[in-house]
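Right, one structure below, let's go through it.
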Ligand code: URA
């Protein structure tokens, strides 16, 4: 797996990361969603550099212009519900992408500290020989991404996989690194070192789904 950590280099991305983390600014849910969307656009732009390009000719009013255009068939899959704004950011750039959605949530058993990932809803086109982008803003334990990958297997073997995350915990990166095939790229806006006992990233930002869409009742 190739890991691309965009925070290795300073850019405008730092501003959006700082705002989604900020305990005051993040309370504005519209701004939070928009910032995640903007981060999705930046991650998508960086990711596009790894696609496969073919020379194409465009006719202008005054002549012909040659340019390389990507030829990948993209399927964009997001994990509900926190993945929705990130999905929109990626879709803003990949106009013709097909789309898949999956619900994966943490089901806490008797005690609050252990949980299992429950996958309930899945819609997906064929993935055979396509470029699969899997978007999930928070890569914490990595278990949701792995559960999603397993659930997608019956839909075909993708040519390559791009995992797109906003904040990743080092433990989660290590876990998925051992799990996903070699032709996988991991795109992360920034990385945190800690995961607390409840599986939240520290310092992280809190619950990305709640910040984007409001608090939920626990099941
Ligand atoms: N999901 C979140 O929303 N936040 C975390 O810190 C981890 C998983």
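The values are calculated or read from the model by the stated rules, or taken from the named source; none is laboratory data. Since this is a predicted model, take the numbers as computed values, not measurements. In this analysis, Cβ positions are derived from the backbone assuming ideal geometry, glycine residues included, and neighbour counts consider all displayed protein chains.
Among the residues of region 79-88, just one is surrounded by fewer than 24 Cβ atoms within 10 Å (Cβ to Cβ) and away from the ligand (no atom under 13 Å from the Cβ), namely 88. The strands (runs of 3 or more DSSP E) falling completely within region 54-148 that include 2 or more residues that are modelled with pLDDT under 95 and within 18 Å of the chain's Cα centre (by Cα) map to 98-108, 115-123. Among the residues of region 158-214, the ones that are in contact with a strand residue (DSSP E or B) (Cβ under 9 Å, 6 or more places away or on another chain), touching a residue at least 40 places away in the same chain (Cβ under 8 Å) and assigned to a helix (DSSP H, G or I) come to 5 in all.
Of the residues 177, 196, 183, only one is more than 15 Å from the chain's Cα centre (by Cα) and within 14 Å of the ligand (Cβ to nearest atom); which?
Sole residue among the options that is more than 15 Å from the chain's Cα centre (by Cα) and within 14 Å of the ligand (Cβ to nearest atom): 196.
Scanning region 136-150 for residues that are crowded, with 17+ Cβ neighbours inside 10 Å and more than 17 Å from residue 201 (Cα to Cα) yields 146, 147, 148, 149.
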